[in-house]
Every structure is written in structure tokens, then in C-alpha cells.
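The block underneath contains the structure these notes are about, expressed in C-alpha cells.
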């Protein structure tokens with residue numbers, strides 16, 4: 001049985017750890033975690049039963065698969081001092097937005113088995129979209145990633161570059177964009193005399209219902225689904241006409257491209 005080490009106990013690392021344990025994919029006794037601050041780590045250990053690593057060196061010594069759960073801007077500071085502790089037997093999984101496998105290899109030259117993943121916050125409910133890219137042509141690394149992360153959601157293997165950037169923005173950042181839209185829905189309902197609780201429930205139900213309908217009819221395009229709920233010259237059609245006149249698609253595309261630019265900035269380790 002492989003052992004897993006999480007370097008960093010931030011929100012995403014904790015969400016992955018809890019979901020792996022809850023799905024019975026990995027036993028807590030096979031997980032080691034290190035973190036800059038002790039308080040957050042101590043709570044995680046107490047709540048989940050994972051092992052606490054005294055430092056990053058111990059983490060690397062105890063675990064075969066090391067997951068780098070630090071922010072991209074903190075990656076060099078966290079990894080550079082311990083880079084020599086890694087060896088050819090380690091498998092390194094990076095969660096750092098924007099950081100390519102090539103740059104990761106420069107940071108940890110002793111490791112050839114590298115995996116890059118980009119999950120989103122829905123890891124917490126095991127419905128995440130998880131972008132994944134592996135070093136070289138190692139099919140067994142893809143199998144490892146599939147087996148490890150499949151319980152957390154939908155795995156999408158993608159080449160690095162524009163495709164990975166697009167997935168990062170549309171799926172990882174996309175959760176935040178959807179919540180922004182949901183806020184607009186909720187606020188509009190509250191402006192029309194619904195309580196905040198009612199407005200929230202109605203908004204969540206509408207988004208969830210639309211998503212489930214699309215999920216349960218995978219052979220039906222999104223456009224076809226929309227056409228089924230739009231009557232010519234009806235209420236929905238009037239609203240959609242206004243959305244299109246206001247060029248919402250253009251605004252969203254500009255927002256996505258701004259996010260891509262930030263993703264590239266974070267990926268520069270020099």
C-alpha cells in the first residue's frame with residue numbers, strides 16, 4: 001500500500017484528504033501531512049487520524065507520493081530547501097496553479113515521476129472536475145492518478161498549455177464564477193420580497209436542477225436543453241434576447257482571458 005504525504009494543509013489539501021478518507025480510497029494511517037503552522041495541522045490530525053510530520057524532510061522520508069498543496073507563489077520557498085531530499089522513487093503531485101511540469105522538474109530535478117492536477121472546490125462533495133497531466137508517456141502514472149482521484153470527481157486528462165489553462169479557468173476558477181451568478185439570482189429575488197433564506201433555496205434549486213438535467217442526458221447538447229425550455233416570444237425568450245443584446249458571452253470571455261493571464265503569471269517561478 002502506498003503512503004501519501006501532503007506538503008501543506010490548506011483548504012484544498014484538507015478537502016482532498018477528507019474526501020479520500022471518506023470514500024475509503026486511502027486509510028488515514030497511510031497519510032502524512034506537514035504544514036507551516038501547527039494549529040491547523042493539529043486540528044486536522046485530531047479530526048481525521050492522519051499522521052503529523054514534524055517537518056517537510058520527515059514527510060518526504062515517510063511518503064512515496066508527495067502532494068504539493070502550497071500556493072504557486074509559495075512553491076519555490078517551500079520546496080527549494082528540501083529538493084535534495086527527493087529521490088527517484090518519489091512520485092510528486094502538484095496542485096499549484098500555473099506551474100508547468102517542466103518548471104516543476106527544474107525545481108525537483110531528482111524526480112522523474114510528476115503529476116499535475118487542478119481540482120476545484122467541489123472536491124469537498126466529491127463532484128470536482130479534476131484536470132490532470134503527467135510527465136512523459138508514463139501510462140501507469142495516468143492509471144495511478146485515475147485510481148487515486150476518481151473518487152473525488154471527474155478526471156480530465158489534458159495536455160499542458162492552452163488546454164490546461166482553459167480547464168483551470170473554466171472549471172477550477174469556474175466555481176467562483178458560478179457563485180457570482182448565483183449571487184445575482186439571489187439578490188434579484190430578495191429585491192422582490194423573498195427572504196434571504198428563500199432566495200438562496202430557490203437559487204440553489206434552479207442551478208442544481210439545470211445541472212442535473214444536463215448530467216442525466218449526456219447525449220443532449222446544452223443548446224438542445226435550452227431550446228426545450230424556451231418558447232418563441234415567451235418569458236424566457238424575452239430574457240435571453242436581452243442577455244444576448246448585452247453581449248454577456250463577450251464579457252465572460254474577457255473575464256476568462258484575464259484569469260488565464262493571472263494563471264500564467266503565477267506559473268513563473270523565477
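Brief remarks on what is shown
- Distance between the pseudo-spin-label points of residue 217 and residue 147 (7 Å out from Cα toward the beta carbon): 3.9 nm.
- With respect to the chain, whose longest principal axis is taken over its alpha-carbon atoms, helix 139-149 is tilted by about 70°.
- Separation of alpha-carbon centers, the range 32-57 and the range 126-151, rounded to whole Å: 25 Å
- Were the residues from residue 181 through residue 2 laid out at 0.36 nm apart, the gain over their Cα-Cα distance would be 60.3 nm.
- Semi-axes of the equivalent ellipsoid for the range 46-195, Cα gyration tensor, largest first, Å: 33, 18, 15
- Projected label distance in nm at residue 250 and residue 58, using a 7 Å step from Cα toward the beta-carbon: 5.9 nm
- Degrees, to the nearest 10: 11-22 long Cα axis against longest axis of the chain: 80 degrees
- Computed [θ] at 222 nm, helices only, for the chain once each DSSP H run of length n ≥ 4 contributes -39500 (n - 2.57): -15000 deg cm²/dmol
- Per-bin percent of Cα-Cα distances, the range 174-266 [5 Å]: 2, 11, 13, 19, 23, 18, 9, 4, 1, 0
- Rounded if a/c under 1.5, otherwise prolate or oblate - the chain, Cα gyration tensor axes: prolate
- Extension gain, residue 154 to residue 208, is 17.7 nm, computed as 0.36 nm per intervening residue step minus the present C-alpha separation.
- Crossing angle, helix 174-190 versus the chain [Cα axis fit, 0-90 degrees, rounded to tens]: 40 degrees
- In terms of surrounding Cβ atoms within a 10 Å radius of their Cβ, 51, 11, 215 rank from fewest to most as 215, 11, 51.
- Sequence-separation-based contact order of the range 106-205, relative, with Cα cut under 8 Å and 6+ spacing, percent: 23 percent
- Label sites at residue 140 and residue 197, each approximated as a point 7 angstrom past Cα along Cα to Cβ, lie 5.6 nm apart.
Each reported figure results from applying straightforward, stated rules to the coordinates on display, with no laboratory input. These figures come from a predicted structure and were not determined experimentally. Positions of Cβ are generated from backbone atoms using ideal geometry, with glycine treated the same way; all protein chains shown enter the neighbour counts.
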